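Asker: Below you will find the structure I want to go over with you.
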Amino acid sequence: MARLTILEYPNPRLRIKAVPVEHVDDSVRCLIDDMFETMAAANGIGLAASQVDVHQRIIVMDLSEDRDEPRVFINPEIEVLNPESLPYEEGCLSVPGFYESVARPAHVIIRALNRDGAAFEEEAEGLLAVCIQHEIDHLEGRLFVDYLSPLKRQRIRSKLKKQRLQASD
Ligand code: QAP
Ligand code: CO
């Protein structure tokens with residue numbers, strides 16, 4: 001397994017739209033393992049392949065306290081069951097150190113392939129519903145900061161730039 005580099009905002013490669021996976025084969029499973037390792041090392045709960053500069057429709061997630069409930073979503077689609085939107089404080093491994101409230105539909109059905117290439121369906125509310133929509137946004141080249149005001153977004157950009165300058169002293 002290998003730890004991959006996570007692209008950070010405002011890297012333009014985060015804007016690339018990911019393509020569907022055609023065959024769930026060993027190379028895809030190897031990438032998934034590397035994504036889990038990368039996410040765990042960064043203390044994340046969700047990671048899209050786009051964030052590690054692989055522009056294929058693959059998401060890994062682990063929402064459990066003990067990091068023992070790995071979830072994989074390949075070519076995920078969602079159907080909104082209840083369009084009522086609820087706000088949630090979101091963060092992102094590509095926007096380290098920043099959390100802001102974003103409103104999204106609260107109740108969805110997820111359809112995806114698992115790591116064996118088998119189709120499954122799952123109803124999602126709460127954090128799972130938020131996280132899958134956040135990660136599917138990555139596959140479309142969208143980030144949670146896109147939902148914020150231009151002023152907030154600009155502040156985050158400048159602060160990240162400063163943080164990076166300091167980190168490279
Ligand atoms: C997406 O985000 C998410 O700023 C996953 O310093 C997050 O795993 C969906 C992280 C919240 C819904 C709610 C962020 C780790 C991890 C940071 C993450 C940081 C360290 C973010
Ligand atoms: Co993210």
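Asker: Expressed in nm to one decimal, what extension gain is obtained for the pair A167 and R111 from 0.36 nm per residue of sequence separation less their Cα-Cα distance? Don't skip to the answer; put the middle values down first.
Answerer: Values: separation 56, 0.36 × 56 = 20.16 nm, distance 4.04 nm.
Length gained between A167 and R111: 16.1 nm.
Asker: Determine the calculated [θ] at 222 nm for the chain from helices alone, applying -39500 (n - 2.57) to every DSSP H run no shorter than 4 residues and normalising by the residue count; nearest 500 deg cm²/dmol.
Answerer: Estimated from H runs of four or more residues: -9500 deg cm²/dmol.
Asker: Measure of size requested: the Rg and Dmax of the chain, with Cα atoms as the atom set and Å as the unit; please supply both.
Answerer: Gyration radius and largest Cα-Cα distance of the chain: 15.7, 49 Å.
Asker: Can you list which of the trypsin sites (Lys or Arg not before Pro) found in the range 35-141 are DSSP loop residues with at most 15 other C-beta atoms within 10 Å? Write down the numbers at each step before the final one.
Answerer: Numbers: sites: R57, R67, R71, R111, R115; in loops: R57, R67, R115.
Answer by residue number: R67.
Asker: So what's the net charge close to I136: Lys and Arg +1, Asp and Glu -1, counting the other residues with Cβ under 9 Å from its Cβ? Intermediate values should be presented prior to the final figure.
Answerer: On the way: positive: R57, R142; negative: E77, E135, D137, E140.
Computed value for this residue: -2.
Asker: For the pair E79/R157, report the inter-label distance in nm, with labels modelled 7 Å from Cα in the Cβ direction.
Answerer: 3.9 nm
Asker: For K152, list the lysines whose Cα falls under 17 Å from its own Cα; do not include residues on the same chain fewer than 8 positions away.
Answerer: Output for K152: K161, K162.
Asker: Related question: Which net charge results for the neighbourhood of A2, defined as the other residues with beta-carbon distances under 12 angstrom from its beta-carbon, given Lys and Arg at +1 and Asp and Glu at -1? Could you put the intermediate results ahead of the total?
Answerer: Working: positive: R3; negative: D33, D34, E37.
Once all neighbours under 12 Å are counted, the net charge is -2.
Taken together, the values in this text are just the output of simple stated rules run on the coordinates, not laboratory data. Worth saying up front: this structure is predicted, and the values here are computed from it rather than measured. Glycine also receives a Cβ, built like all others from the backbone with ideal geometry; neighbour counts cover every protein chain displayed.
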